[in-house]
1. Based on what the data block shows, is residue 64 buried (at least 17 other Cβ atoms within 10 Å of the Cβ) and in a helix (DSSP H, G or I)?
2. Taking the stated definitions as given, is residue 37 over 9 Å from the mean Cα position of the chain (by Cα) and either in a helix (DSSP H, G or I) or surrounded by 14 or more Cβ atoms within 10 Å (Cβ to Cβ) (or both)?
3. Residues to consider are 21, 36; find the one that is touching a helix residue (DSSP H, G or I) at 6+ places or on another chain (Cβ under 8 Å) and at pLDDT 95 or above.
4. List every residue pair whose Cβ atoms lie under 9 Å apart, where the two residues are 6 or more positions apart in sequence or sit on different chains, the first residue falls within the range 41-57 and is outside any helix (DSSP H, G or I), and the second residue, located anywhere, is crowded, with 16+ Cβ neighbours inside 10 Å.
5. So for the range 47-67 (the condition being at pLDDT below 95 and over 20 Å from residue 12 (Cβ atoms)), does at least one residue qualify?
6. Among the residues of the range 1-32 satisfying the criterion of being in a loop (DSSP other than H, G, I, E, B) and in contact (Cβ under 8 Å) with a residue 40 or more places away in the chain, which is nearest to the chain's Cα centre (by Cα)?
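The values are calculated or read from the model by the stated rules, or taken from the named source; none is laboratory data. Bear in mind the structure is a predicted one, so any value in this text is a computation, not a measurement. Don't worry about glycine lacking a Cβ; one is built from the backbone with ideal geometry, like all the others, and counts go over all protein chains shown.
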């Protein structure tokens, strides 16, 4: 057994991923929203860390890639919002 800490961290991470997915499915949260992307970044990061703690390589790869892709999407979304705010000023 690996202990409670990895289980708690992983459960919170997976819970955030599932929450984002559910809210998107019921049309309460757009996949282009900052909140949706943040839920994916944090959820995947926590799930990846939990997998690392228990040395489960397949999920380290899966969640690590999910984290990186979501982080890139968040950066692009933030840059797009900054450009839109800049244009609206001038």
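1. So residue 64 passes the test.
2. Criteria not met by residue 37.
3. Going through 21, 36 in turn, the sole match is 36.
4. 54/6; 54/10; 56/50
5. No, the range 47-67 has no match at all.
6. Going through the qualifying residues, I end up with 32.
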